[in-house]
Amino acid sequence: MSVIAPDHDELALACRNWGRWGPDDELGTLNHVTQKTIRAARDEICEGTAFSLSIDVGRSGPQTGGRRFNPVHTMTATGTDAAAGLQAEIRSTYADDLIFMPVHGATHWDGLGHVFYKGAMWNGYDCKLVGAMGALRNSIVRVKDKLVGRAVLVDLPRVMGVDALEPGCAIHPEDLDAAIAAQDVEMRPGDFLLVRTGQMGRCLRAGAWGDYAGGDAPGFALDTAPWFKKVEVAAIATDTWGAEVRPNEITHIYQPWHQLVIPNLGLTVGEIFNLELLAEACAADRRYTSFICAPALPIEGGVGSPCNPLVLR
């Protein structure tokens, strides 16, 4: 296992994909999703079973307030209104509602306009292109039809024989390679990599989120950034709040792994994915591949999006 964190700037250059798909690209590694990869992913549907990887959207979520809070759901018309005759003027009775939430407040994708590196976002675009009205480049709208394909679950706790990885446990390339080999899975370009740490499952079993949102967590080490480039994943998602290991490996940059993989590699990152039921199903038949469809909401100018990822087996 790595002991000393590698140089952040060197890793940024090592994993950088700027210009790989042309100077105007806004898809990043989702360019690996093609008609061929989507057609091949159909073969992963064998049983006809479906799994949602989303947590429920509402007040029961893990956010603790501040910059991000749990979604607020409220009713604008109700059955009690109808019963009281308050809807008589429209000659109908109905219920209606609204929701107010940070787009990163529940299960979500981090888009390519979400994180900057030295004043630039994905493909070298100036960070000032994300203004008060949203992203003029790298908006989540650009990927609304790309988040579909073959999913590979890497179930690290089950491979390691533990209930869950401990907070602060850094996941290195050799850990991913060993788990993939143990599960007898072949990685293919364009795969969606779902990495279970067990942290969410531990919270769900305890019936309390604790410091899940923003606290210490298992997660990806900095040296995984070039590995994701080499393997040519389309996107990755985890069952943690922030995907990368916390406490961070280096302290002078907040969430330094994000600064490598999003603006430099061009990687779309999924967070707060509930992988528990899927992991049980995969362990039962020793089949760790499936079909995933996890579209982002086409939020104009958005730098991320809530989602309800569906995995079909």
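Only the coordinates and a few stated rules stand behind these numbers; no lab work does. Keep in mind the model is a prediction, meaning the values are calculated, not measured. Methodologically, a virtual Cβ is constructed for each residue, glycine included, from the backbone with ideal geometry; neighbour enumeration extends over all protein chains shown.
Between residue 88 and residue 174, the distance separating the two model label sites (each 7 Å from Cα on the Cα→Cβ line) works out to 7.7 nm.
Taking the longest Cα principal axis of the chain as reference, the axis of helix 276-285 is set at about 60 degrees. Sorting the segments 82-90, 203-211, 265-273 by their mean number of nearby beta carbons within 10 angstrom, highest to lowest, gives 265-273, 203-211, 82-90. Helix 173-182 and the long axis of the chain differ in direction by around 80°, with both axes built from C-alpha atoms. Spin-label model, residue 162 to residue 43: label points 7 Å out along the Cα-to-beta-carbon direction sit 3.6 nm apart. Scattering from the chain was approximated by placing one identical point on each alpha carbon and applying the Debye formula without solvent; log10 I(q)/I(0) at 0.07, 0.09, 0.10, 0.11 1/Å stands at -0.28, -0.46, -0.56, -0.67. Report, for the chain, the % of DSSP beta bridges that are antiparallel, rounded to 5. Of those bridges, close to 65 percent are antiparallel.
Distance between the modelled labels on residue 253 and residue 75, one decimal in nanometres: 4.9 nm (7 Å Cα→Cβ projection).
Restricting the stretch 17-102 to chymotrypsin sites (Phe, Trp or Tyr not before Pro) that sit in a DSSP loop and have at most 16 other Cβ atoms within 10 Å of their own Cβ leaves 69, 94.
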